[in-house]
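Below is one structure, written out as structure tokens; comments come after it.
Just so you know, all these numbers are worked out from the coordinates, no wet-lab data involved. Remember, it's a predicted structure, so these values are computed and weren't measured experimentally. Cβ placement follows ideal geometry from the backbone for every residue including glycine, while neighbour counts extend to all protein chains displayed.
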């Protein structure tokens, strides 16, 4: 069971806030109670030149308003240079514990000899979440994620938040502990939904699947329990809030799994329209509160086929949707309030 020790005062705060106070963290941060507050967040900046191109255009010319950077990747210096030229952008640290592509890989910042449980026989991060869960130790996790933050700061990059590549950090309770500790000790907001979690619960079930697969206990179609209860998630929210950090109410992280219709011609217009309608469905399905919606915006050249043929059109589709005028008009018509991690921390700091 996922357990977090709380002081008696924090427990009293939890009881008071949820029995008498606002129901969402959006309300607690001063947003209207009936509004959908959304962060349109881009993962995987620094992963490749094409990723950097797509992310930066979606942020500066489109409706995306937040991004996070993978420090172990070869194109990170390029993206940090772009951030320096655009200092107002909301950019976080994308905690990276996997290297998932077969022919394009990276390893730990701390060094493979320092964090041996996090690397495969070739010295790179494990390709899959299941492998990282099965082999990783919390002490190596703590060492590596601190090394990634230290490198960011040494390169002049002070992240507005921390989040997690492939969600691996959420697949084990002791990994989560080190992740949250890093944010709290450095006063950096942590991507960890602590509200109604309407979308996030589906993601948690996927992480439970990875964990049970690694243990050899997963059977296709079995009922997957949530790795944490609503009460435990709410306790985490109070812990972050008590540390002076904001919290969010929900997270949508399943857009990468949307399958294109069989036989669809993969033109730019077709892939954009398909994914645009999916994003509209997600936005319409959001509950009131702060929801972070994750995507992967890439402006792919032909070289990106060599990184991942499968995700070429997925990532290109996200990029095209974020630049689409119809999608921008849809957000306005729905009365969506867009926010960033930077703004959330500023609101929390004023309270």
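Okay, here's what the table says:
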| quantity | calculated |
| --- | --- |
| Translational diffusion of region 112-269, µm² s⁻¹ [Kirkwood Rh, Cα pairs; Stokes-Einstein; 25 °C; 0.890 mPa s] | 142 |
| Square roots of 5 times each gyration tensor eigenvalue, C-alpha, region 256-326, largest first, Å | 23, 14, 11 |
| Likely footprinting exposure, 174, 90, fewest C-beta neighbours within 10 Å first | 174, 90 |
| For region 202-351, Kirkwood radius (reciprocal of mean inverse C-alpha pair distance, Å) | 18.2 |
| Cα-only Debye scattering, region 305-351: base-10 log of I(q)/I(0) at q = 0.17, 0.22, 0.23 Å⁻¹ | -0.73, -0.82, -0.84 |
| Sorted peptide list for 262-274, 74-86, criterion being average Cβ within 10 angstrom, highest first | 74-86, 262-274 |
| Global geometry of region 213-285, whether rounded, prolate or oblate, following the gyration tensor of its Cα atoms and the 1.5 cut on a/c | oblate |
| Equivalent ellipsoid, the chain (semi-axes from 5 times Cα gyration tensor eigenvalues, Å) | 28, 26, 21 |
| Helix-derived mean residue ellipticity, 222 nm - over the chain, DSSP H n ≥ 4, -39500 (n - 2.57), to 500 | -13500 deg cm²/dmol |
| Percent of beta bridges antiparallel (DSSP, the chain, rounded to nearest 5) | 5 |
| Packing-based ranking, highest mean first, of 339-347, 97-105 given that Cβ atoms within 10 Å are counted | 339-347, 97-105 |
| Cα gyration tensor shape of region 81-189, rounded if a/c is under 1.5, else prolate or oblate by comparing a/b with b/c | prolate |
